[in-house]
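One structure is given below, encoded as structure tokens.
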Amino acid sequence: VMRYPANRGKFCLAAALMLAVATLLPRIVNASTEQQWRFTVHLDDTPIGHHDFSVQQLEGYEKVTTEARFDVSFLKIPLFKYRHQDVQFWSDQCLKSINSTTDQNGKLFRVDGSTTTNGFQVSANGDDITLPPCISTFAYWDKSFLQHSHLLNSQTGEYLEIDVEDLGEHSIPLSDTSLPAKRYRLTAKELDIELWYSSDGRWLGLESTTGNGRLLRYVIE
């Protein structure tokens, strides 16, 4: 999740913003032990970078890896750079550990966290907090994350209160077709995100409107 600096407009991302249909979502590797996505990221109609995402099934755990690289420019003048790397381990729909690094236009973030006997311990840029033992990030790939009342921001380490609204049945466009889906709206602080899921719970897409009214979306390759 990220924002533009105030003097260049707010730019929100909540780790993922993805469009796909059943035949494209996701690409299966090594006998269904790993799911991989690669997305072109668009700001309105302009591509600004890529976001790679994978979920690997291990014995008793899921390993989730993401890498994002965005660059925004105007008349070839660089305005905004974003680099994010994140590794998470999950078990029984609970986050077990997280290690992330982010460079947001020169501002550096680091988040490290793991389960302890006292709860989930998070260190974010030198500040330590203890959270409940079973927490979630903005884990869009698993629809059950919408049941949480709070979510961990994997870039900043903030534990955000969220609100989820069921927007009913809609369809999501992809190329020259569309797919029926359940649509949800997730809000938290400045974040305003819309999510689509198929009838069997598969994640189909996400869009977010930035603070200056521009549309951020991911297109699957």
Exercise for the section: Please give the number of the condition Cys134 fails out of (1) surrounded by fewer than 14 Cβ atoms within 10 Å (Cβ to Cβ); (2) of a type outside the set (Ser, Thr, Tyr); (3) touching a Cys at 6+ places or on another chain (Cβ under 6 Å). Expected result: (1)
Fill in the blank from the handout: Only unsatisfied item for Phe53, checking (1) open to solvent by less than 60 Å² (accessible area, probe 1.4 Å); (2) touching a His at 6+ places or on another chain (Cβ under 8 Å), is (2)
Fill in the blank from the handout: Listed by first then second residue, the pairs whose first member lies in segment 179-205 and is farther than 23 Å from Val55 by Cβ and among the hydroxyl-bearing types (Ser, Thr, Tyr), whose partner is open to solvent by 20 Å² or more (accessible area, probe 1.4 Å) and part of a strand (DSSP E or B), with beta carbons under 8 Å and at least 6 positions apart or on separate chains, are Thr187/Asp163; Thr187/Glu165
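The values are calculated or read from the model by the stated rules, or taken from the named source; none is laboratory data. What you see is a predicted model, and the numbers here were worked out from it, not measured in a lab. Every residue, glycine among them, receives a Cβ derived from its backbone with ideal geometry; neighbour counts consider all protein chains shown. SASA here: full protein model, heavy atoms, side chains in, ligands and nucleic acids out. Shrake-Rupley method; radii C 1.70, N 1.55, O 1.52, S 1.80 Å.
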